[in-house]
Amino acid sequence: MSNKYTQHLDSLEVAGLGSMYPERFRISVGMATCGLATGAGEVFQQLRKGIDKTGIDAVLSGTGCLGFCQMEPVVDLYIPGGPRLTYAEMTPDKATSLIDALSRGDIPTDDLLCVHRTESLLGDSFRDYGSGDAGKFDGVPLYTQVPFFAKQNKIALRNCGVIDPVSIEEYVARSGYRALLEVLTNRTNRELIEEVKKSGLRGRGGGGFPTGLKWEYTLSTEADERYVICNADEGDPGAYMDRSVLEGDPHSVIEGMILGGYAMQASKGFVYVRTEYPLAVERMAEAIVQARANGFLGEDIFGSGFSFDLQIRQGSGAFVCGEETSLMHSIEGVSPEPRNRPPFPSESGLWEKPTNINNVETWANIPAILFKGGDWFSAIGTENSKGTKVFSLVGTVRNTGLVEVPMGITLREIIFEIGGGIPDDKEFKAVQTGGPSGGCLPASLLDLPVDYQQLAEAGSIMGSGGMVVMDETSCVVDIARYFLDFTNDESCGKCTSCRDGSELMLNILTRITQGHGKPEDVDFLLELGAAVTDASQCGLGQTLANPVLSTIRYFRDEYDAHIEQAICPAHACKELVTYSVNPDTCTGCTLCARNCPAAAISGKVKEVHYIDQGNCIKCGLCYDVCNFNAIVVE
Amino acid sequence: MGHGNNIMAEMKPEKKNMATESAKSGAVLVVGGGIAGIQSSLDLADSGYKVYLVEKTPAIGGTMAQLDKTFPTNDCAMCVISPKLVGSGRHLNIDLITNAEVMGIEGEAGNFTVKVKRHPRYVDVEACTGCGACVQNCPVNMIIYPVEQDEVEIKRKDRDTVLSILEENDHGEGSLMPVLQAVDKHYGYLPEDVITYISSKLSVSLSDIYNIATFYNSFSLVPKGRHKISICMGTTCYVKGAEKLMQKLCSDLGVEPGGTTEDMRFSVEAARCIGCCSLAPAIMVNDKVYGRVKLTDLSGILKEYE
């Protein structure tokens, strides 16, 4: 019986391979939000126009994000029978010259980031591109030689930037839905759960709970209906891997959720996406329609008798909805405040039915684990943390983007080898992991292997994988204040400890950054932080003190400098700095005076300008606009 | 304190000398169990008067018990009123007469006789714990506080729009959020008459809708500008100077963060991370994201939108 379904997948695969490797050029543009934000849309239009005008034999398509967001917009060129080339930092003009070169039979090598001779599939397998144009691109680094990609091992991001996200054929051509067919025809749901347990996969959203175990609990609760939910309410500032997966490879999440639904005998799933990600919603919706049309969602999937369907629900901008009980309340349409656990969602969740919630990245890992086997996955990573983790490497670091690395890699490898270190000859100061629930880790911990346990012991958390690098110009007290401002605003107000504790901590930190700190402040912050952690119901309150506690632990001297001497060593706290004009370098261009919102700068053309300290609001605009470095910050 | 009913009985014959005889005796009738009535009753009762507090609805508390915050101090309303509710319920000098109306008063100072009509409650007041289970299980969905609901008025154009939104987002339970999102998308905010209409159509109370609408950041109860500018205040954007962008934009447009320009062209707000951290600082106008925004780029971006 299953033959019919195998044939269906085979025919999709043939079509997918045909569109990925046509008998002509395939030009693809990275069209995720990060690409579009740097002008990928214009590049795409220009390529379209160029192809129509010159009539060259090429297909044009859009893909997701390759991960190297620093280099966006990224354009890939597949040469039939030859390699695939990746061009970086494209502009509409460069797009035109690329098309012109192609129409002359030439292939430009300017702006080439790397060349792909093979296409890496899951695990160590490859698909060879053929050796066309051998030798022609010898000077260009191979994909695996680019430092940004060299140490990466892409599992959750396996298809991002490679396939057209809304082409189910191309997803199948990358072994998609094969695991689903195999499981639904030959394996029981308990075997599936065993396989996930064997893989050692832990939740990628922040909690790090073993996924297989959670599934088992959900299945073991007696009920007439169960639900699975994909938590795509990625609220942690500094993390965006979930957006990238939804925009670049929505089918991997859908396949993961169908498998999860089968494992837990749920017939309905919800994808809860935050409202700030309109493109992710659009692509996910389109992918769901495709999956339904192909019979992967709906009644009697693959003739197994198992039925499952998915719905998208959107958030409306509330950070606390990333918390699972709050998220379920939001789907139910009631006030989205978190509630006490137990009962855990696996016993009583959405509409009081057993419910399983996993993060986008967790779901995207599931098809890969079932395709390659739990043992394959658990061979990657450390003893307690298996597999790979996607980090968004951002902040003041040379190469920003999404990196997927095996667990256990050190911070130094991520920041200095993959990330290329700190730009502008600045010193590394700290790296903030785990968003508002995480902490700041100093340079002395750069050799810390990154896994759940090690980060927790260092006073931070893995969280959803945000990794914000800060250089010497960032003030850690100000960063702690920033996070408290965030959590204080986003606290739902249910628990007094969180609502009022965050407010009190914020007030103290604000006072410290304004130079009015008191000697007893730091001890009080430590005490208050411990109280808020103990007394709050949900993850938001329990972890909101982490940014404060970790910065006090590692940067106590900076707190002391603010409190005792009223100076900000990083020159970042605006109440503690003064802006003045260096008479030797000021050319009298008047740019600063024209941009000053407080009209505090006076001076005539070609004369040295003067900042009136009484009127100066210390916004720093003059410092930013000055082309001659004539504004001094002290 | 604690004179009890005897005082009232004593009062009747000695009406003329009352004022001179004893200032601290007598009984008082307070009409209306809102915060003013409750506070008056408590003060009087603490001063030794016997108080009869008459309230029309089945419970005291009035409007304040329905509020979240009180003007002008933004104090939590329930934190203020709930101790008083409990206090007046327990006070030995206060008799609560709820679900009742004053029909008439006779007599003169010191000797009044008041006729009170108490409506039937059909519930044993001594045994009821106020658990709410009966309300939820009532098959005819009777509302405990009978609210006089007028026919909700709404313009015909709005009605057609809302009806089609309700139809498109009919998920049974849990339809409210998608419906509100669709309304917000269509109108740019949640107009009062529209949500009142939705409240009657979905049988969700207006206060529940208000709770949802004010909980989420992206809902607004006032009209927004034609173009929504969100300045990302995520960690990375913050580290890379998003605050300066906000300051400059607000001073250029002459608005406060969260405000709307007078010509309704732009609304400016601080967004939580928009997931473009690699291109910080980022801003989003409507659904379009701009990365690596410099202070000098802002005016050019604004020109794209009319």
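Looking across the range A:150-185, the residues that are assigned to a helix (DSSP H, G or I) and crowded, with 21+ Cβ neighbours inside 10 Å come down to A:168, A:169, A:170, A:171, A:172, A:173, A:179, A:180, A:183, A:184. Checking the structure you have, find out if any residue of the range B:94-101 is without any contact (Cβ under 8 Å) to a residue 12 or more places away in the chain and not in a loop (DSSP other than H, G, I, E, B). Taking every residue of the range B:94-101 in turn, none turns out to be without any contact (Cβ under 8 Å) to a residue 12 or more places away in the chain and not in a loop (DSSP other than H, G, I, E, B). Evaluated against (1) more than 23 Å from the chain's Cα centre (by Cα); (2) in a helix (DSSP H, G or I); (3) crowded, with 17+ Cβ neighbours inside 10 Å, residue B:51 falls short on exactly one condition, (2).
Screening residue B:202 against (1) surrounded by fewer than 21 Cβ atoms within 10 Å (Cβ to Cβ); (2) among the aliphatic types (A, V, I, L, M); (3) more than 10 Å from chain A (Cβ to nearest Cβ) leaves a single unmet condition, (3). Of the residues A:67, A:81, which single one is at positive phi, in a loop (DSSP other than H, G, I, E, B) and more than 14 Å from chain B (Cβ to nearest Cβ)? Testing whether each residue is at positive phi, in a loop (DSSP other than H, G, I, E, B) and more than 14 Å from chain B (Cβ to nearest Cβ) leaves just A:81. Here residue B:211 does not fit the description of being farther than 21 Å from residue A:311 by Cβ, among the polar types (S, T, N, Q), in a loop (DSSP other than H, G, I, E, B) and out of contact with any Cys (no Cβ under 9 Å at 6 or more places or on another chain). It is to be established whether one or more residues within the range A:534-545 are touching a strand residue (DSSP E or B) at 6+ places or on another chain (Cβ under 9 Å) and hydrophobic (A, V, I, L, M, F, W, C). Within the range A:534-545 (the criterion being touching a strand residue (DSSP E or B) at 6+ places or on another chain (Cβ under 9 Å) and hydrophobic (A, V, I, L, M, F, W, C)), the answer is no, since none of the residues qualifies.
Residue pairs whose Cβ atoms lie under 6 Å apart, sitting 6 or more positions apart in sequence or on different chains, and linking a residue in the range A:591-611 that is of a type in the set (A, V, I, L, M) to a partner that is in a helix (DSSP H, G or I), are A:591/A:625; A:601/A:592; A:601/A:593.
How many residues does the range A:392-407 hold that are part of a strand (DSSP E or B) and either within 11 Å of another protein chain (Cβ to nearest Cβ) or surrounded by 24 or more Cβ atoms within 10 Å (Cβ to Cβ) (or both)?
Residues flagged as part of a strand (DSSP E or B) and either within 11 Å of another protein chain (Cβ to nearest Cβ) or surrounded by 24 or more Cβ atoms within 10 Å (Cβ to Cβ) (or both) within the range A:392-407 amount to 7.
Return yes when residue A:547 is in contact (Cβ under 8 Å) with a residue 12 or more places away in the chain and within 13 Å of another protein chain (Cβ to nearest Cβ) and no when it is not. Yes, satisfied. Here are the criteria: (1) in the same structural domain as residue A:523 (by TED's automatic domain parsing); (2) in contact with a Cys (Cβ under 8 Å, 6 or more places away or on another chain); (3) in contact (Cβ under 8 Å) with a residue 24 or more places away in the chain. Tell me which single one residue A:621 does not satisfy. Result: residue A:621 passes all but (1). The numbered conditions (1) hydroxyl-bearing (Ser, Thr, Tyr); (2) within 12 Å of another protein chain (Cβ to nearest Cβ); (3) within 24 Å of residue A:329 (Cβ to Cβ) are all true for residue B:196 except (2). Residues considered: A:53, A:94. Of these, the only one that is more than 14 Å from every other protein chain (Cβ to nearest Cβ), surrounded by fewer than 17 Cβ atoms within 10 Å (Cβ to Cβ) and either assigned to a helix (DSSP H, G or I) or of a type in the set (Lys, Arg) (or both) is A:53. Close Cβ contacts (under 8 Å, 6 or more residues apart or on different chains) running from residues in the range A:456-472 that are more than 10 Å from chain B (Cβ to nearest Cβ) to residues that are assigned to a strand (DSSP E or B) and among the small types (Gly, Ala, Ser) comprise A:458/A:439; A:459/A:439; A:460/A:439; A:461/A:439; A:465/A:392.
Taking the conditions (1) closer than 21 Å to residue A:223 by Cβ; (2) aliphatic (A, V, I, L, M); (3) facing chain B (nearest Cβ under 9 Å) in turn, residue A:280 satisfies each one other than (1).
Applying the selection to the range B:290-306, what residues are farther than 21 Å from residue A:620 by Cα and aliphatic (A, V, I, L, M)? Result: B:301, B:302.
Only one of the listed residues (A:62, A:35, A:41) is within 27 Å of the chain's Cα centre (by Cα) and without any contact (Cβ under 8 Å) to a residue 12 or more places away in the chain. That residue is A:41. From the list A:373, A:381, A:421, A:401, the lone residue that is on the phi > 0 side of the Ramachandran plot and in contact with a Phe, Trp or Tyr (Cβ under 6 Å, 6 or more places away or on another chain) is A:401. Residue A:275 falls short of the stated requirement of being among the β-branched types (Val, Ile, Thr), more than 14 Å from every other protein chain (Cβ to nearest Cβ) and either within 30 Å of residue B:269 (Cα to Cα) or in contact with a Ser or Thr (Cβ under 6 Å, 6 or more places away or on another chain) (or both). Remark: residue B:42 falls outside the filter, which requires a residue to be closer than 19 Å to residue B:112 by Cα, in contact with a strand residue (DSSP E or B) (Cβ under 8 Å, 6 or more places away or on another chain) and modelled with pLDDT of 85 or more.
Residue by residue, here is whether (1) in contact with a Lys or Arg (Cβ under 8 Å, 6 or more places away or on another chain); (2) among the small types (Gly, Ala, Ser); (3) at pLDDT below 90 holds:
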| residue | (1), (2), (3) |
| --- | --- |
| B:76 | yes, no, yes |
| B:82 | no, yes, no |
| B:85 | no, no, no |
| B:90 | no, no, no |
| B:111 | yes, no, yes |
| B:116 | no, no, no |
| B:129 | no, no, yes |
| B:143 | no, no, yes |
| B:156 | no, no, yes |
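Restricted to the range A:604-631, and to residues there that are more than 14 Å from chain B (Cβ to nearest Cβ) and surrounded by 15 or more Cβ atoms within 10 Å (Cβ to Cβ), the residue that is nearest to residue B:246 (Cα to Cα) is A:611. Test residue A:437 against the stated conditions and say whether it is among the hydroxyl-bearing types (Ser, Thr, Tyr), within 13 Å of chain B (Cβ to nearest Cβ) and under 23 Å from residue A:89 (Cα atoms). No.
Selection of strands (runs of 3 or more DSSP E) fully inside the range A:260-363 by the criterion of at least 1 residues being surrounded by fewer than 24 Cβ atoms within 10 Å (Cβ to Cβ), among the β-branched types (Val, Ile, Thr) and touching a residue at least 24 places away in the same chain (Cβ under 8 Å) returns A:309-314. Being within 22 Å of the chain's Cα centre (by Cα) and within 16 Å of residue A:205 (Cα to Cα), is that true of even one residue in the range A:370-386? Yes, the range A:370-386 contains a residue that is within 22 Å of the chain's Cα centre (by Cα) and within 16 Å of residue A:205 (Cα to Cα).
Of all residues being charged (D, E, K, R) and at negative phi in the range B:278-297, which is farthest from the other protein chains (Cβ to nearest Cβ)? Just the residue, please. Top of the filtered list is B:297. Of the residues making up the range B:205-236, those that are over 23 Å from residue A:336 (Cβ atoms), more than 9 Å from chain A (Cβ to nearest Cβ) and touching a strand residue (DSSP E or B) at 6+ places or on another chain (Cβ under 7 Å) are B:225, B:227, B:229, B:231.
The values are calculated or read from the model by the stated rules, or taken from the named source; none is laboratory data. Just so it is clear, the structure is predicted and the values come from calculations on it, not from any experiment. Cβ coordinates were reconstructed from backbone atoms using ideal geometry, including for glycine residues, and neighbour counts include every protein chain displayed.
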